[in-house]
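Every number here is computed from the coordinates shown, using simple stated rules; none is lab data. In this text the structure is predicted, and so the values were computed from the model without any measurement. Here Cβ is always computed from backbone atoms with ideal geometry, including for glycine, and neighbour counts include all displayed protein chains.
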Amino acid sequence: MPVLVTGFVCAAAGVAIGVKKINADNMPKIAVLSAAFFVASLIHVPVGLASVHLVLNGLIGILLGWAAFPAIMVSLALQAMLFQFGGITTLGVNTFNMAFPAVVSFFLFRNMIMTGNKIKTIIAGCMGGILAIALSAVLVALSLAYTDRAFFTPAMVILAAHIPVMVVEGIITSFCVVFLKTVKPELMEG
């Protein structure tokens with residue numbers, strides 16, 4: 001219960017900040033990225049004892065900043081209601097575990113992407129994708145470990161299983177950021 005309550009409170013704070021920072025002109029971009037998160041995270045790939053999936057939270061964070069919180073929360077709520085993935089009781093924890101790393105990637109890499117040359121943009125995009133998944137995996141592992149000591153071993157398995165996902169997410173995020181900055185730079189603004 002303490003993990004669920006803490007996750008709910010942190011997610012609610014993030015969603016409140018995100019909603020305040022949303023500009024009506026950015027709603028289509030937020031909706032498309034929320035849908036991309038929804039679809040990408042539905043496809044589960046078994047890796048040993050665990051399963052992993054793309055999240056795209058680094059890309060979402062770099063493009064949306066604080067608006068990543070409401071975008072990710074809506075996707076997770078729909079997954080819980082439509083497909084029983086995640087669950088309503090864990091919605092706060094799951095939202096925080098995915099959206100907080102997205103916002104961290106925004107603050108660490110957004111400026112370098114916007115002002116840097118193509119090489120810096122590639123590196124920053126890749127690092128943003130890798131960091132977001134790495135931090136999400138650590139937060140999920142910590143959530144499990146603090147829930148009960150019996151979850152410590154599965155938490156370590158989850159961390160290890162997400163190493164290949166970090167690489168894939170880094171490549172995808174880097175490609176998307178470079179593509180958007182080149183073809184549709186106005187999507188990078190806001």
| message | Checking the a/c ratio against 1.5 first, then a/b against b/c, what shape does the Cα gyration tensor give for the range 2-43? | response | oblate
| field | Residue with peak Gaussian network fluctuation, the chain [Cα springs, cutoff 10 Å], from 108, 139, 131 | value | 108
| message | Can you find, among 8, 24, 152, the residue sitting farthest towards the positive end of the charge dipole of the chain, where Lys and Arg contribute +1 and Asp and Glu -1 at Cβ? | response | 24
| task | Work out Dmax and Rg for the chain from the C-alpha atoms and quote the Rg first, both in angstrom. | result | 15.9, 49
| request: Using just the helices of the chain, give the 222 nm mean residue ellipticity in deg cm²/dmol: DSSP H runs with n ≥ 4 each add -39,500 (n - 2.57), and the total is spread over all residues, rounded to 500. | output: -25500 deg cm²/dmol
| field | Count of lysine pairs in the chain with Cα separation under 16 Å (8 or more residues apart, or interchain) | value | 6
| note | Put in order of increasing Cβ neighbours within 10 Å, starting from the fewest, 29, 20 give 20, 29
| request: Pull up all non-local amide H partners of residue 162: gap of 5 or more, or a different chain, and H-to-H distance under 5 Å with H placed in the peptide plane. | output: none
| message | If amide hydrogens are placed 1.01 Å from N in the peptide plane, which non-local residues have theirs closer than 5 Å to the one on residue 52? | response | 45, 47
